[in-house]
Amino acid sequence: MRNLQDKVAVVTGGTYGVGRGVAVALARQGAQVFVTGRSVQDGAIDGDDDVTGIRCDHRNDEDVMAVFERVARATHGVDILVNNVWGGYERMVEDGALTWAQPFWEQPLWRWDGMFAAGVRAHYHASRLAAPSMVARRRGVIVNISFWAAQKHIANVAYGVSKAATDKMTADMAVELRSHGVTVVSLYPGLVRTEKVMEAAEWLDLTNSESPEFIGRAVAALAGDPEVARHTGTVLVAAALAAE
């Protein structure tokens with residue numbers, strides 16, 4: 001099946017992990033895919049002409065605007081935007097100590113800034129730039145990759161607050177875009193076998209884990225669903241979406 005033929009997708013933070021899995025799945029369904037990231041090399045990814053890399057630091061507004069200007073010049077506009085880029089995961093171990101799960105008063109302040117600047121704000125900015133062409137054509141899907149930390153305490157306060165902000169952004173964007181035919185959802189993966197997770201595989205129970213491509217198939221199913229608008233403004237769980 002290539003039910004996304006003639007669709008244009010942008011996947012932010014698409015170099016590795018979930019973003020890479022989403023990009024591959026969308027391309028397999030026929031979409032023309034652009035992936036962004038700080039370590040992305042410009043041009044076709046792994047020789048796949050359907051996936052084009054554009055180097056971009058999503059903390060730099062000029063970089064982000066250049067991405068969407070380039071996509072606009074090369075295509076009819078963005079049909080699918082997957083906001084996957086996220087900051088704050090850097091330097092989980094500092095001075096020999098694991099800081100990721102420390103209480104908020106012991107957390108480094110840069111982690112909060114990283115999750116909002118290269119996470120929530122990055123999602124907002126990319127959506128802001130993709131929305132006009134979607135509105136003009138009265139179609140489009142925006143998927144914000146979020147997580148259960150929005151609804152229960154997982155790891156640290158900054159993580160939960162930033163994911164909750166992502167879900168609230170999804171809900172409010174959906175209100176403003178609904179009448180224009182554009183769908184916005186938050187998507188929760190489970191435990192995904194990303195490169196970082198597999199580095200710690202010996203300490204983890206992976207029996208109920210998901211591949212990055214599994215999340216990609218969930219996104220592809222949404223993008224190809226003619227009735228996707230019924231989901232707008234909601235939080236979707238990849239496993240439940242797969243069952244549906």
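The values are calculated or read from the model by the stated rules, or taken from the named source; none is laboratory data. Everything numeric here is computed off the predicted structure, so don't read it as measured data. A quick note on method: Cβ atoms are made from the backbone with ideal geometry, for glycine too, and the neighbour counts reach across all protein chains shown. Note: accessible area is taken over every heavy atom of the protein model, side chains too, but ligands, DNA and RNA are not part of it. Shrake-Rupley method; radii C 1.70, N 1.55, O 1.52, S 1.80 Å.
Angle between the Cα long axis of helix 157-177 and the longest principal axis of the chain, 0 to 90 degrees, nearest 10? Compared with the principal axis, the helix lies near 20 degrees.
Only helices enter this figure: runs of n ≥ 4 DSSP H residues, each worth -39500 (n - 2.57), summed and divided by the residues of the chain, yield -12000 deg cm²/dmol at 222 nm to the nearest 500. Each residue of the range 221-237 was assigned a 3J(HN,Hα) from its phi angle through the Karplus expression (A = 6.51, B = -1.76, C = 1.60, θ = phi - 60°), giving 5, 4, 5, x, 7, x, 10, 4, 4, 5, 8, 4, x, 10, 9, 10, 9 Hz with x at Gly and Pro. Listed values for the range 122-135 are Karplus-derived 3J(HN,Hα) couplings in whole Hz (6.51 cos²θ - 1.76 cosθ + 1.60, θ = phi - 60°), namely 4, 5, 4, 5, 4, 5, 4, 7, 7, 4, x, 6, 5, 4, and x replaces Gly and Pro. Here the label points at His153 and Ala101, each 7 Å from Cα along the C-beta direction, are separated by 1.3 nm in the simple model. For Ile142, nonlocal amide neighbours, meaning residues 5 or more places apart or on other chains whose placed amide H falls under 5 Å from its own, are Leu81, Thr183, Val184, Val185. Ordered by solvent-accessible area of protein heavy atoms (1.4 Å probe), largest first, the residues His153, His231, His123 come out as His153, His231, His123. Inter-part distance, the range 61-99 to the range 109-135, computed on C-alpha centroids, equals 8 Å.
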